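Peer 1: Mind having a look at this structure? Questions to follow.
The values are calculated or read from the model by the stated rules, or taken from the named source; none is laboratory data. All figures in this text were calculated on a predicted structure; none of them were measured in a lab. Cβ placement follows ideal geometry from the backbone for every residue including glycine, while neighbour counts extend to all protein chains displayed. Areas reflect the complete protein model, heavy atoms only, side chains present, ligands, DNA and RNA absent. Shrake-Rupley method; radii C 1.70, N 1.55, O 1.52, S 1.80 Å.
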Amino acid sequence: MSALPLSLYIHIPWCVQKCPYCDFNSHQQKGTIPETEYIAHLLDDLTTDIQSFNLNAQQKQREVSSVFIGGGTPSLLSVDAMQHLMDGVRARVPLAKNAEVTMEANPGTVEADKFTGFAQVGVNRISIGVQSYNTSHLQNLGRIHDGQQAVRAISLASDLKLSSFNTDLMHGLAKQTPEQALKDLQTSIDLQVPHISWYQLTIEPNTQFYSKPPTLPDDDVLWEIQELGQTLLAESGYQQYEISAYGKNGHQSQHNLNYWRFGDYLGIGCGAHGKITDLSTGQIQRTVKVKHPKGYMDLSKPYLYEKHRVEEDDLAFEFFMNRFRLLEACPQEDYDHYTFSPLSSKNQHVLSQAADKGLIIDDGKMWQVTALGRRYLNSLLSEFV
């Protein structure tokens, strides 16, 4: 069986403080980060995965095409720690010659000053968590930076001549007008950011905002922001390629594309998720690592918290849940290639009905979600369950 693209996700769990909207596995920093100890565990975790999935036997086929260091706030790590991490990764897995290596960063001054060092150890793409340039909105979101620090971080990233960089921006914030939302977008555009992740604030369980929800704009205002923002991005040369991702001049996130195309990825670090296909059997395994740093670094326990096989009845839902996030057409042969399983007659019928309703385009070779399909995507996906 032919190889699938393989990525690596690395989770750094610490932040200066927990944002009230954040439901990611992040933990407020208390004292000094145990970076030396944690990176040693990360590399042991990676070694364990390589052995568990027998990847050494497939190394020539399964080089890592992208690395994403997320969190938390990975930019809290020292440059020396990042060097040790990247050296350890390179010693354990073959990185593709032009592998995309992304690191999430906080625009705060201390982290931004380390951008040059991170680039020197192999980070070639930085994702900057701006969220907004409006200081009042940033304060309401619990962010530790202000608009000027965000602009400075972007300027530093631009000067490094990285292969790409990204700003994360939120819209639909408390007391945010359409004009303010567009001003945030326009600022990133004026700063010539090559990739913008632009997404609506949602209130998630197990967050401070869930317990004490802010008053967000009503649906009409949210719809106006979405339409005006997408128009502005398109007119400014940004191509939307995923629900909340916009790239200029081909600056798409290769790591995220691999996720949505149903490629494989190793996940190491606290609470990290992974998906690996056994190329000899076609079986797909999903993994989750121990969530809390103390438990993860407990030598008496394994890093793996959960592993389960994706059953054949779930393949269609999982495949299309990912592929239909993308605006690009999906070659129909990709279903067999990525799932190692033919599409059942039941699911062929689901797709046929979706085409009849105008939710997708099906020309016999490609499937592509329409604008109507994106609007009712959850309903479409539920038909595969």
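Peer 1: Can you pull out the trypsin sites (Lys or Arg not before Pro) in the range 100-192 whose DSSP state is coil and whose Cβ has at most 15 other Cβ atoms within 10 Å?
Peer 2: Those that pass, being in a loop and sparsely packed, are Lys161, Lys175.
Peer 1: Report the gain in length on full extension from Ile361 to His27: 0.36 nm times residue separation, minus Cα-Cα distance, nm rounded to one decimal.
Peer 2: Working: separation 334, 0.36 × 334 = 120.24 nm, distance 4.36 nm.
115.9 nm is the gain from fully extending Ile361 to His27.
Peer 1: If each of Leu327 and Ala91 carries a label point 7 Å out from its Cα toward its Cβ, how far apart are those two points in nm?
Peer 2: Roughly 4.4 nm, to one decimal.
Peer 1: Rounded to the nearest 0.05, what FRET efficiency is calculated for His308 and Val79 with R0 set to 41 Å and r the Cβ-Cβ distance?
Peer 2: 0.60
Peer 1: Through the Karplus equation 6.51 cos²θ - 1.76 cosθ + 1.60, θ set to phi - 60°, convert the phi angles of the range 111-128 into ³J(HN,Hα) values in whole Hz; use x for Gly and Pro.
Peer 2: For the range 111-128, the Karplus-derived couplings read 5, 4, 5, 8, 4, 4, x, 4, 5, 5, 8, x, 6, 10, 8, 10, 10, 9 Hz, x marking Gly and Pro.
Peer 1: Which of these, His349, His292, His273, has the largest mean-square fluctuation under a Gaussian network model of the chain (Cα springs below 10 Å)?
Peer 2: Greatest mean-square fluctuation among the candidates belongs to His349.
Peer 1: Let me ask another. Whole-Hz Karplus ³J(HN,Hα) for the range 273-283, in order, using 6.51 cos²θ - 1.76 cosθ + 1.60 and θ = phi - 60°, x for Gly and Pro?
Peer 2: With the stated coefficients, the range 273-283 comes to 9, x, 9, 9, 9, 7, 5, 7, 10, x, 6 Hz.
Peer 1: Now for a different question. So what is the accessible area of the range 137-225 per residue, in Å², with the probe set to 1.4 Å?
Peer 2: Value for the range 137-225: 52 Å² per residue.
Peer 1: Measure up Lys30/Lys294; Lys30/Lys291; Lys30/Lys175; Lys18/Lys212; Lys97/Lys275 against 21 Å on the Cα-Cα distance and list the ones that go over.
Peer 2: Cα-Cα > 21 Å for Lys30/Lys175; Lys97/Lys275; rest within.
Peer 1: Okay, next question. Nearest 20 debye, what's the magnitude of the dipole of the chain about its Cα centre given +1 on Lys and Arg Cβ and -1 on Asp and Glu Cβ?
Peer 2: On the way: 32 positive and 44 negative charges, 144 e Å.
The calculated dipole for the chain is roughly 700 debye.
Peer 1: Now for a separate question. Amide H of Asn166: which non-local residues (sequence gap of 5 or more, or other chain) have their own amide H closer than 5 Å, using H built in the peptide plane?
Peer 2: Hits under the 5 Å cutoff: Ile126, Ser127, Ile128.
Peer 1: Let me ask you something else. Which listed residue (His11, Leu315, Ile189) has the Cα farthest towards the positive end of the charge dipole for the chain, taking +1 on Lys and Arg C-beta and -1 on Asp and Glu C-beta about the Cα centre?
Peer 2: Checked the options; the winner is His11.
Peer 1: Can you pull the Rg over Rh of the range 239-311, Cα-only, Kirkwood? The partial results should precede the final answer.
Peer 2: On the way: Rg = 15.8 Å, Rh = 14.3 Å.
Taking Rh as the inverse mean 1/r over Cα pairs, Rg/Rh reads 1.10.
Peer 1: Anything in the chain that counts as a DSSP H helix reaching 15 Å or more along its axis (C-alpha) with Kyte-Doolittle mean of at least 0.0? List them, would you?
Peer 2: Qualifying helices: 147-159.
Peer 1: Calculate, in nm to one decimal, what Glu37 and Lys291 gain on full extension: separation in residues at 0.36 nm each, minus their alpha carbon distance.
Peer 2: Numbers: separation 254, 0.36 × 254 = 91.44 nm, distance 1.63 nm.
Going from the current span to full extension adds 89.8 nm.
Peer 1: Same structure again: For the range 235-385, what is the convex hull volume of the alpha-carbon atoms per residue, in Å³? Write out the running numbers ahead of the final one.
Peer 2: Numbers: hull volume 22.1 nm³, N = 151.
About 146 Å³ per residue, rounded to a whole number.
Peer 1: Beyond 21 Å, what share of the Cα-Cα pairs of the range 69-141 remains, rounded to the nearest whole percent?
Peer 2: Of all Cα-Cα distances in the range 69-141, 30 percent exceed 21 Å.
Peer 1: Let me ask something else about it. Just report the Cα centroid separation between the range 6-40 and the range 213-252, whole Å.
Peer 2: Rounded to whole Å, the Cα centres lie 28 Å apart.
Peer 1: Still on this structure, please answer the following. What order do Asp159, Asp362, Asp264 take when sorted by accessible area (1.4 Å probe), most exposed first? Please list the in-between numbers first.
Peer 2: Working: Asp159 110, Asp362 70, Asp264 0 Å².
Largest to smallest exposure gives the sequence Asp159, Asp362, Asp264.
Peer 1: Any idea what % of Cα-Cα pairs in the range 179-253 are farther than 16 Å? Could the numbers behind the result be given before it?
Peer 2: Values: 1501 of 2775 pairs.
When all Cα pairs of the range 179-253 are counted, 54 percent exceed 16 Å.
Peer 1: Return the loop-located trypsin sites (Lys or Arg not before Pro) in the range 3-102 (DSSP other than H, G, I, E, B) with at most 15 other Cβ atoms within 10 Å of their own Cβ; answer none if there are none. Walk me through the numbers before you get to the answer.
Peer 2: Numbers: sites: Lys18, Lys30, Lys60, Arg62, Arg90, Arg92, Lys97; in loops: Lys18, Lys30, Lys60, Arg62.
Sparse-neighbourhood loop trypsin sites (Lys or Arg not before Pro): Lys18, Lys30, Lys60.
Peer 1: Farthest toward the dipole's positive end in the chain, which of His337, Val79, Tyr305, given Cβ charges of +1 (Lys, Arg) and -1 (Asp, Glu) about the Cα centre?
Peer 2: Of the candidates, Val79 comes out farthest on the positive side.
Peer 1: Just from the alpha-carbon atoms, what are the Rg and Dmax of the range 79-200 in angstroms?
Peer 2: Taking only Cα atoms of the range 79-200, I get Rg and Dmax of 15.5, 50 Å.
Peer 1: Let me understand the chain better: what is its radius of gyration from the alpha carbons, and its Dmax, in angstrom?
Peer 2: Using the Cα atoms of the chain, the pair Rg, Dmax is 21.0, 59 Å.
Peer 1: How long is the gain from Leu299 to Asp44 if the chain were fully straight, where each residue apart is worth 0.36 nm and the alpha carbon distance is subtracted?
Peer 2: 90.7 nm
Peer 1: Still on this model: Just to be sure I understand: if I project the alpha-carbon convex hull of the range 157-298 onto a plane and average over all orientations, what area do I get in nm²?
Peer 2: Computing the convex hull of the Cα atoms and averaging its projections yields 12.3 nm².
Peer 1: At q = 0.14, 0.15, 0.23 Å⁻¹, what log₁₀ I(q)/I(0) does a Debye calculation on the Cα points of the range 266-346 give, no solvent, two decimals?
Peer 2: Results for the range 266-346 at q = 0.14, 0.15, 0.23 Å⁻¹ read -0.59, -0.65, -1.07.
Peer 1: Counting each pair of different Cα atoms once, what's the Kirkwood radius of the range 20-140 in Å, rounded to one decimal?
Peer 2: Details: mean 1/r = 0.0625 Å⁻¹.
For the range 20-140, inverting the mean 1/r across all distinct Cα pairs yields 16.0 Å.
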